[in-house]
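Below is one structure; the comments refer to it alone.
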Amino acid sequence: MLGLRYIQLFLVLVCSILAAAKSAVGSRTLVVFDDRVDDLSTYSDFFNLLKDHEFDVTTLELSDKSTKINLFERDTRLYDHLILFPVKGKHYSKQLAAKKLIRFNENGGNILALTVPQVSSDPIHLYLNQLGIYPSPRTQSLHDLFQDSTDLLFSVDQLENENVYSKTNEKKDELFNFGESVSAALLDNREQIVPILQASKTSFTSGNKSREASWTDGSQGYVIAGFQNLKNTRSTWIGSVKFLSNNHFKQNQDLINELISWTLQEKSVIKATEVSHTHSGDDKVSYDELPYKVTDNVTYTIALTQWDGQKWVPYVSDDVQFELRQIDPYYRITMTAQGPAPQDPASELYSTGSFMLPNRHGMFTFITDYKRSGLSYIHEADIKAIRHLANDEYPRSFEIPNAWVYLASIATVIISFIAFVLFFISTPASLSEGVSTEKKTN
Amino acid sequence: MKLLKAITVLTTAIGCASAFIIKDAKISFKDETREAIELGQLDETFMKAESAPLLIKDLDEVVSFKFKLDLSKSKSKEIPQQLSLLVGIADKALEVPIVAKVKDSSKNNKVKLVSFKVDLQALPKSVLHYAFVNDNEQITASLIVANDKKQLARKETNLYFPVFHLQFTDSAKETIVDTFEEPLRYGKQVELAHTFPNPPKTADPTLSLLFAGAVTMVNMFLYMYWINFNAISFENFPSGKDFIPFIGFFGSIIGCEIVFALYYLGTGIFETVNCLAIVAPVGLILGSKFLRSYNQKI
């Protein structure tokens, strides 16, 4: 009994820590909804969760045509995050056109978008299509005739990205309830797309018209998908609005929590804090002190840190790679973790160890291009010139065995010449005259 | 284990029954010389999928799968809502649905004639690629026959089970051109290291030393020859007033040789020129003076 209390206390503590997580990029959140589609009060648990995450939530109801949506004031972004509930009508299409959403996303704003089969939210669909996410058209909803429940349930096994939702043994039996009306999407083949929740093998989409071809069949379809652009801004699409409703909130809370954390950048956010490369050796002579030349030994280091919702902590991984490129990579080295960085203990230091620069001069890029699905991207590049050898930096001839014969010849010629001069001068001319040259007469 | 399986199947059969009866199932091929395979009646317990795969010798092959769908015992007499054949690599969740062609039986309107055509050339390149490169990856065809719960009686169930596997023969793999390229995905890449050219080949140091010694020895023999034939004498060694110019002349020759050797060993050209500018005039002046005065003695 006492043990149970301790477990409860621990869970409350964990929940409070989780709930207090903060986004790494900001908390200003705009929620756009339409009262005609759904009553926002049925999502109170979701909004409470946002408040627990310390998001500063502003809601905007769009059924009133006088409502205007301003995502920017001049060129300054007014919100850090945008949550789009299904909204219908031309007014909405004008106010929140796909171009505006793209601009918001390109300028660092994260977007969580929800669609339902009954409502045609054209701007959201157009925006998602730009990302490579193609939700089923209006009227086409997902069905799985092999499920007993009228609501569509998805298991933890169907989740695909560990950086969005980490599957632990405790969570393996969890089922997520998406309600009756669910959209499924086809995904493009882009690397920036983060497939999150796959539809079941026996599922399919169908519309009102019996002859209409299904949009997705089996595991082709996805009901949740994410996208992270090259500026590390995230977008997530959820194919059901009921997934967030109070009715299913308790069942889906874990996944909702993780989706909010990922989309609004509370988790899986990493960055580089220190990048350096020096000549190998204890002195660590920098490039500025002594520019690199071909075949020099150099060492490259980078420090990575991760946002845990509260603070920056060292990011530890075994797949951080360095590349030395001149158009194509000459080296690609998997770096080894060295422990906390001396300058910043909240970062993990990675090093290539000593490696020899190629025997080719020119402009080279020292680059860490660390991109993993679901993690924020790291692209640290430093372009440096690597010079060729100066004429006095090549090996001297006396270091080459072949030349020893020639060197010995030169040395003996020099010595012989000096000796000859000495002998020529010191030997009297009459010496040769002393030698008998008489002809034999006998 | 077999007993347990049998009990499970029996329990399932007693508890629930399929809403659909699949009869006279048959697999045939485009190649008419190849004999069709009669499967008979099929249900979830159909175990043919575990048997040997159907061997495909040519990418032109079209596999037809036909059966009679008996709806006489099911609640709904309509064509099932979901009637498709999922074809692909099941383990990789890489499957495409093939839509059925359905006709009414001429004898009984509660029996539908269902046929699927698996045109291998029409399958996605990715599916064919994985079937080519890995013998363990077979193309699986799974049948789905399902209706909405409202259209099923209380104990009726839907059908979903693998019907057959396809595998390319080695000779087929040799003739088929695989043009599929894996899509780019973020992840750890293969490590690369620059390959340096081999250092130029050099002679064995022992051999070089041997030849260098031989050259030195030849010179030693020359000196010995001179000495042996009395060609060397120091009788005429400059002395008196000739001594100083001789030392200057001889020293400048040695100096020039040393400057040359130092240049060879790495001294800069400007330093070398400076040194020569000192040594050479001294050698020239003292040398000409000495040689002029000593001319008669040589």
- prompt: Does residue B:195 count as in the same structural domain as residue B:119 (by TED's automatic domain parsing) and among the β-branched types (Val, Ile, Thr)?
  reply: no
- prompt: Restricting segment B:228-240 to residues that are surrounded by fewer than 11 Cβ atoms within 10 Å (Cβ to Cβ) and on the phi < 0 side of the Ramachandran plot, which is farthest from the other protein chains (Cβ to nearest Cβ)?
  reply: B:228
query: Which condition number does residue A:373 fail, the rest of (1) surrounded by 15 or more Cβ atoms within 10 Å (Cβ to Cβ); (2) more than 30 Å from residue A:316 (Cβ to Cβ); (3) polar (S, T, N, Q) being met?
result: (2)
Complete set of residues in segment A:377-404 that are in a strand (DSSP E or B) and within 13 Å of residue A:296 (Cα to Cα): A:385, A:386, A:387
- request: Only one of these is touching a Lys or Arg at 6+ places or on another chain (Cβ under 6 Å) and either surrounded by fewer than 21 Cβ atoms within 10 Å (Cβ to Cβ) or over 24 Å from residue A:26 (Cβ atoms) (or both): A:221, A:179. Name it.
  value: A:179
field: Qualifying residues in segment A:347-358 (those that are of a type outside the set (Ser, Thr, Tyr) and surrounded by 16 or more Cβ atoms within 10 Å (Cβ to Cβ)) - the one farthest from the other protein chains (Cβ to nearest Cβ)
entry: A:349
statement: Within segment A:312-333, residues facing chain B (nearest Cβ under 8 Å), over 19 Å from residue B:196 (Cα atoms) and surrounded by 15 or more Cβ atoms within 10 Å (Cβ to Cβ) come out as A:321
field: Unique residue being of a type in the set (A, V, I, L, M, F, W, C) and surrounded by fewer than 22 Cβ atoms within 10 Å (Cβ to Cβ) when the list is A:230, A:259
entry: A:230
- request: Consider residue A:45 carefully, then state whether it is over 20 Å from residue A:109 (Cβ atoms) and surrounded by 15 or more Cβ atoms within 10 Å (Cβ to Cβ).
  value: yes
message: Test of understanding: among A:290, A:255, A:324, which residue is more than 16 Å from residue A:354 (Cβ to Cβ) and among the aliphatic types (A, V, I, L, M)?
response: A:255
query: So which of B:212, B:261 is touching a Phe, Trp or Tyr at 6+ places or on another chain (Cβ under 7 Å) and outside the structural domain of residue B:134 (by TED's automatic domain parsing)?
result: B:212
message: All but one of (1) away from chain B (no Cβ under 14 Å); (2) crowded, with 19+ Cβ neighbours inside 10 Å; (3) at pLDDT 90 or above hold for residue A:95; state the number of the condition that does not hold.
response: (3)
field: Filter result (over 30 Å from residue A:355 (Cα atoms) and in a loop (DSSP other than H, G, I, E, B)) within segment B:166-193
entry: B:169, B:176, B:177, B:178, B:179, B:180, B:181, B:182, B:183
- prompt: For residue B:291, all conditions in the list (1) within 13 Å of chain A (Cβ to nearest Cβ); (2) free of Cβ contacts under 8 Å to residues at least 40 places away in the same chain; (3) aliphatic (A, V, I, L, M) hold save one; what is the number of the exception?
  reply: (2)
Which listed residue is under 29 Å from residue B:144 (Cα atoms) and in contact with a His (Cβ under 6 Å, 6 or more places away or on another chain), from B:161, B:180, B:168: B:180
- request: Might you let me know whether segment B:241-255 holds any residue that is without any contact (Cβ under 8 Å) to a residue 12 or more places away in the chain, surrounded by 12 or more Cβ atoms within 10 Å (Cβ to Cβ) and assigned to a loop (DSSP other than H, G, I, E, B)?
  value: no
- prompt: How about segment A:231-253: which of its residues are among the aromatic types (Phe, Trp, Tyr) and within 15 Å of residue A:183 (Cβ to Cβ)?
  reply: A:237, A:243
query: When the residues of segment A:145-167 are filtered to those that are of a type in the set (A, V, I, L, M) and in a loop (DSSP other than H, G, I, E, B), which remaining residue is nearest to the other protein chains (Cβ to nearest Cβ)?
result: A:145
message: Please go through segment B:127-164 and give me each residue that is within 10 Å of chain A (Cβ to nearest Cβ) and either polar (S, T, N, Q) or in a loop (DSSP other than H, G, I, E, B) (or both), ordered by number.
response: B:142, B:147, B:148, B:151, B:152, B:157, B:158
- prompt: Considering segment B:188-213 alone, what residues qualify as being more than 7 Å from every other protein chain (Cβ to nearest Cβ) and surrounded by 12 or more Cβ atoms within 10 Å (Cβ to Cβ)?
  reply: B:207, B:210, B:213
- prompt: Quick one: would you say residue B:258 is more than 60 Å from the chain's Cα centre (by Cα), within 13 Å of chain A (Cβ to nearest Cβ) and of a type outside the set (Phe, Trp, Tyr)?
  reply: no
message: What are the pairs with Cβ atoms under 7 angstrom where one residue, in segment A:136-150, is in the same structural domain as residue A:243 (by TED's automatic domain parsing) and the other, located anywhere, is of a type in the set (Phe, Trp, Tyr)? Sequence gap at least six, or different chains.
response: A:136/A:215; A:137/A:215; A:140/A:215; A:143/A:204; A:146/B:160
field: Subset tally (residues that are in contact with a Ser or Thr (Cβ under 8 Å, 6 or more places away or on another chain) and buried (at least 21 other Cβ atoms within 10 Å of the Cβ)) for segment B:99-115
entry: 2
message: So residue A:338 ticks every box in (1) surrounded by fewer than 20 Cβ atoms within 10 Å (Cβ to Cβ); (2) farther than 22 Å from residue B:190 by Cα; (3) not hydrophobic (A, V, I, L, M, F, W, C) but one. Which box is left unticked?
response: (2)
statement: Exactly one of A:151, A:75 is acidic (Asp, Glu) and within 30 Å of the chain's Cα centre (by Cα), and that residue is A:75
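Yes/no per residue for (1) in a loop (DSSP other than H, G, I, E, B); (2) more than 20 Å from residue A:163 (Cβ to Cβ); (3) acidic (Asp, Glu); (4) at pLDDT 95 or above:
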| residue | (1), (2), (3), (4) |
| --- | --- |
| A:235 | no, no, no, yes |
| A:267 | yes, no, no, no |
| A:274 | no, yes, yes, no |
| A:299 | no, yes, no, yes |
| A:302 | no, no, no, yes |
| A:316 | yes, no, no, yes |
| A:323 | no, yes, yes, yes |
message: Looking only at segment A:182-212, filter to residues that are at pLDDT below 90 and surrounded by fewer than 16 Cβ atoms within 10 Å (Cβ to Cβ); which one of those is nearest to the other protein chains (Cβ to nearest Cβ)?
response: A:210
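The values are calculated or read from the model by the stated rules, or taken from the named source; none is laboratory data. As the structure is a computational prediction, the values presented were derived from the model and not from experiment. Positions of Cβ are generated from backbone atoms using ideal geometry, with glycine treated the same way; all protein chains shown enter the neighbour counts.
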